[in-house]
Amino acid sequence: MRKKGLLICFVIIVMLVTGCGSKTTVPPLGLPDTEEITAVEVITIDGFSCSCSDREWIGQFVSVISSAQATDKPAIQDYPASNYYGEFIILNGEEVIECIYYYIKDSGTYIEKTYQGIYEIDMDELKGLIRNMK
């Protein structure tokens, strides 16, 4: 009986230490197919707004944004936890398909898909993408 009690205590301690084995994982950043996207509206951190419907640029956009690496941070609110952020509003005609936010925090550049996850992205690629809008 004593061994059974020790085993139960050991299991409980292991579960407490490991957090019951559950770790929040952020799913891969899923974007619509390029064929579904008719335009992307960009609102930069400094408030500049522009829309692009060029097919080649949309392909680059999907490629660059898809290259972002998942972090272990969930996106649990409607807007990023940063006062300064920009937006990529993905459109199919007049319909908004998705809105992805980007911001700089703790010397890293992140994109955030609301209620899905936070992803780290290369700042130079992101700047180049915005700079090359047609």
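Which of the residues belonging to the stretch 54-83 are touching a Lys or Arg at 6+ places or on another chain (Cβ under 9 Å) and either among the hydroxyl-bearing types (Ser, Thr, Tyr) or closer than 23 Å to Gly117 by Cβ (or both)? Steps first, answer last, please.
Going through the stretch 54-83, the residues touching a Lys or Arg at 6+ places or on another chain (Cβ under 9 Å) turn out to be 54, 56-57, 72, 75, 80-82.
Matches in the stretch 54-83: Asp72, Ala75, Pro80, Ala81, Ser82.
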Would a scan of the stretch 80-87 turn up a residue that is open to solvent by less than 40 Å² (accessible area, probe 1.4 Å) and in contact with a Ser or Thr (Cβ under 8 Å, 6 or more places away or on another chain)?
yes
When the stretch 33-53 is examined, which residues are found to be of a type in the set (D, E, K, R) and either within 15 Å of Val96 (Cβ to Cβ) or modelled with pLDDT of 95 or more (or both)?
Glu36, Glu41
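Which of the following residues is open to solvent by less than 40 Å² (accessible area, probe 1.4 Å), not charged (D, E, K, R) and not in a helix (DSSP H, G or I): Ile104, Ile111, Ile76? Spell out the reasoning first.
Numbers: Ile104 fails: open to solvent by less than 40 Å² (accessible area, probe 1.4 Å); Ile76 fails: open to solvent by less than 40 Å² (accessible area, probe 1.4 Å).
Checking each option against the conditions leaves just Ile111.
Evaluate the stretch 46-69: report whether one residue or more is within 16 Å of Ile121 (Cα to Cα), free of Cβ contacts under 8 Å to residues at least 40 places away in the same chain, part of a loop (DSSP other than H, G, I, E, B) and in contact with an Asp or Glu (Cβ under 9 Å, 6 or more places away or on another chain). Can you show your working first?
So in the stretch 46-69, the residues within 16 Å of Ile121 (Cα to Cα) come out as 60-69.
This time we only want the ones that are free of Cβ contacts under 8 Å to residues at least 40 places away in the same chain, so: 62-63, 66.
When the remaining residues are screened for being part of a loop (DSSP other than H, G, I, E, B), the result is none.
No: the stretch 46-69 contains no residue that is within 16 Å of Ile121 (Cα to Cα), free of Cβ contacts under 8 Å to residues at least 40 places away in the same chain, part of a loop (DSSP other than H, G, I, E, B) and in contact with an Asp or Glu (Cβ under 9 Å, 6 or more places away or on another chain).
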Pairs, please: C-beta under 9 Å, at least 6 apart or cross-chain, first residue part of a strand (DSSP E or B) and in the stretch 80-99, second of a type in the set (S, T, N, Q) and open to solvent by less than 50 Å² (accessible area, probe 1.4 Å)?
Gly86/Thr44; Glu87/Thr44; Glu98/Thr114; Cys99/Thr114
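The values are calculated or read from the model by the stated rules, or taken from the named source; none is laboratory data. All figures in this text were calculated on a predicted structure; none of them were measured in a lab. Quick reminder, even Gly has a Cβ in these numbers, built from the backbone with ideal geometry, and neighbours come from all protein chains shown. Keep in mind that these areas ignore ligands, DNA and RNA; they rest on the heavy atoms of the full protein, side chains included. Shrake-Rupley method; radii C 1.70, N 1.55, O 1.52, S 1.80 Å.
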